[in-house]
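Undergrad: Encoded as structure tokens, here's the structure I'll be asking about.
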Amino acid sequence: MGYFVDIWTVGIVRTLVLYFTSDTLLWDAPAISSLSFYAYKVVLETLWGTTIGKLGLKVIPDRYPALITAVIRNSWLLLPGLVMLLNESIGQIVGTVTLLLLIATLYKSQDRRSIFDEWAGARVIVGRK
């Protein structure tokens, strides 16, 4: 549920920017959508350890500083948008495969960490540290 709240939050900001700038060409690009959602998650996880949609959960960086942890942990968000620059259909497939990999590693892991959490050296806990 939190993921959808985050998507809506970024969507509202994108809509406001679009409304005030009228730059539809730039803001309709899938790569820009991926980049804006990635930036949103990296900034909020770096500053507060969570996003608006995941209040009550907190990312704890174990290996790297908070910024590096957030950059690595959310890097999967960039892949579909960047591939869509080359081919939209393949980008959608890459996005689906990446999301399935994320979900599979979450359920396979003993401590419910995704492969991206492992790479970033991050844990997600309930509540504050």
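Coordinate-derived values only; no laboratory data. Everything quoted here is computed from the prediction, not taken from an experiment. Counting neighbours? That spans all protein chains shown, and the Cβs are built from the backbone with ideal geometry, glycine included.
Undergrad: Using the charge dipole of the stretch 2-126 (Lys, Arg: +1 at Cβ; Asp, Glu: -1 at Cβ; taken about the Cα centre), state which of 75, 36, 121 has its Cα farthest towards the positive end.
TA: Checking the options against the dipole of the stretch 2-126, the answer is 121.
Undergrad: Work out the charge dipole of the chain with +1 on the Cβ of Lys and Arg and -1 on the Cβ of Asp and Glu about the Cα centre, then indicate which of 12, 92, 102 is farthest towards its positive end.
TA: 102
Undergrad: Same structure, new question: What is the gain in length, in nm to one decimal, between residue 126 and residue 82 on full extension, counting 0.36 nm per residue of separation less the C-alpha to C-alpha distance?
TA: Working: separation 44, 0.36 × 44 = 15.84 nm, distance 3.23 nm.
Length gained between residue 126 and residue 82: 12.6 nm.
Undergrad: Ok, one more. Contact order normalised by length for the chain, with contacts defined as Cα pairs under 8 Å and 6 or more residues apart; what percent is it? The partial results should precede the final answer.
TA: On the way: 161 pairs, mean separation 35.6, N = 129.
Over the chain, the number comes to 28 percent.
Undergrad: About the Cα centre of the chain, what is the dipole size in debye to 20, counting +1 per Lys and Arg Cβ and -1 per Asp and Glu Cβ, all else neutral? If you can, show how the numbers build up before the last one.
TA: Numbers: 12 positive and 9 negative charges, 121 e Å.
Using only the charged Cβ atoms, the result is roughly 580 debye.
Undergrad: Rounded to the nearest 0.05, what FRET efficiency do residue 60 and residue 4 give with R0 = 25 Å and r taken as the Cβ-Cβ distance? Could you check? Working shown, then result.
TA: Values: r = 24 Å, r/R0 = 0.94.
Efficiency at R0 = 25 Å is approximately 0.60.
Undergrad: log₁₀ I(q)/I(0) of the chain at q = 0.09, 0.11, 0.18 Å⁻¹, via Debye over equal Cα point scatterers, no solvent, to two decimals?
TA: Here log10 of I(q) over I(0) equals -0.27, -0.41, -1.05.
Undergrad: How far is the Cα center of the stretch 72-109 from the Cα center of the stretch 28-52, in Å?
TA: That distance is 15 Å.
Undergrad: Just tell me, in residue order, which DSSP H segments of the chain are both 24 angstrom or longer along the helix axis (alpha-carbon based) and at least 0.0 in mean Kyte-Doolittle hydropathy. Before the final figure, lay out each step's value.
TA: Details: long enough: 2-21 (28 Å, 1.23); 30-48 (27 Å, 0.79); 88-108 (30 Å, 1.28).
Counting only whole DSSP H runs, the qualifying helices are 2-21, 30-48, 88-108.
Undergrad: Continuing with the same structure: For an R0 of 41 angstrom, estimate the FRET efficiency from the Cβ-Cβ distance between residue 100 and residue 20 and round to the nearest 0.05. Display every interim value, and only then the final one.
TA: Working: r = 37 Å, r/R0 = 0.90.
FRET efficiency, residue 100 to residue 20: 0.65.
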